[in-house]
Each structure stands twice: as C-alpha cells, then as structure tokens.
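Everything on this sheet refers to the single structure shown next.
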C-alpha cells in the first residue's frame, strides 16, 4: 500500500538530510512516513505503537516492531553523529536539555511540528 507523496514529504526529506539521517539508512523511509503521517494527523501521536507504527508497517509490508526498531536506529545514527545538525534544528528537543537521545515519540513529534511550520511557509 503506497502512500501518495506530498509537499510535506519533500519538506520532511530535506529536513532529514539536513539533520544527518542519510537516505541509505534503513529507517529513513519509515521515519519520513511516520513524520508526515504525524504532521497530517496529530492524534496518532497519542497512540504511536497502536496506530502510527502499524500504519507505516502496512506501507512496507513489515511488522510494527520492525518499524519501531528502524526508526530508533535512524534517530540513533543522527544523534551519535558529531556532524549532525539535529540539536540545533529541533529546538523543542534541546529546550528540554536532553543529554541523551530523544525517544522515538519525542523526535517524531518535534519533526512533525517543524514540518508543519515549514509547510505553512511553503
């Protein structure tokens, strides 16, 4: 089940590249789709494991657990990359003075918020 690509997808992909999550990372597509879905339907952020991950999993024909793991891996790679712009790009994450990697929910929510703002300016 493919999802139709929108301008939000383009904004999300540009943001992902900027913060240092490479396109060849296995979780890249899962994370992009999760962010766009969350930006379009904010209510899924209240049920990430029950709604968001299964919706992304349907797109790729994989399990929800696989989606969660791939997203976590993609966030880890950007967070641990010293060249990454993740800390400056998402002030809502750093405002909380996180010393450790944000959770999947924190990251997806912050990116969905940022993408929504950028989409309004588009």
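The values are calculated or read from the model by the stated rules, or taken from the named source; none is laboratory data. Fair warning: this is a prediction, and the values are worked out from it, not measured in the lab. Neighbour counts run over all protein chains shown; Cβ positions are idealised from the backbone, glycine included.
In this structure, is residue 75 under 13 Å from residue 107 (Cα atoms) and outside any helix (DSSP H, G or I)? It is false that residue 75 is under 13 Å from residue 107 (Cα atoms) and outside any helix (DSSP H, G or I).
For residue 67, indicate whether it is within 20 Å of residue 14 (Cα to Cα), modelled with pLDDT of 85 or more and either touching a helix residue (DSSP H, G or I) at 6+ places or on another chain (Cβ under 7 Å) or not in a helix (DSSP H, G or I) (or both). So residue 67 does not fit the description; no.
Taken as a whole, the structure places residue 117 among residues that are modelled with pLDDT under 95 and either part of a helix (DSSP H, G or I) or farther than 24 Å from residue 7 by Cα (or both). Reported count of residues in segment 30-49, each being over 17 Å from residue 9 (Cα atoms) and touching a helix residue (DSSP H, G or I) at 6+ places or on another chain (Cβ under 9 Å), is 5.
Got a sec? Which of 60, 89 is under 19 Å from residue 113 (Cα atoms) and at pLDDT below 95?
Working: 60 fails: under 19 Å from residue 113 (Cα atoms).
None of the other options fit; the residue is 89.
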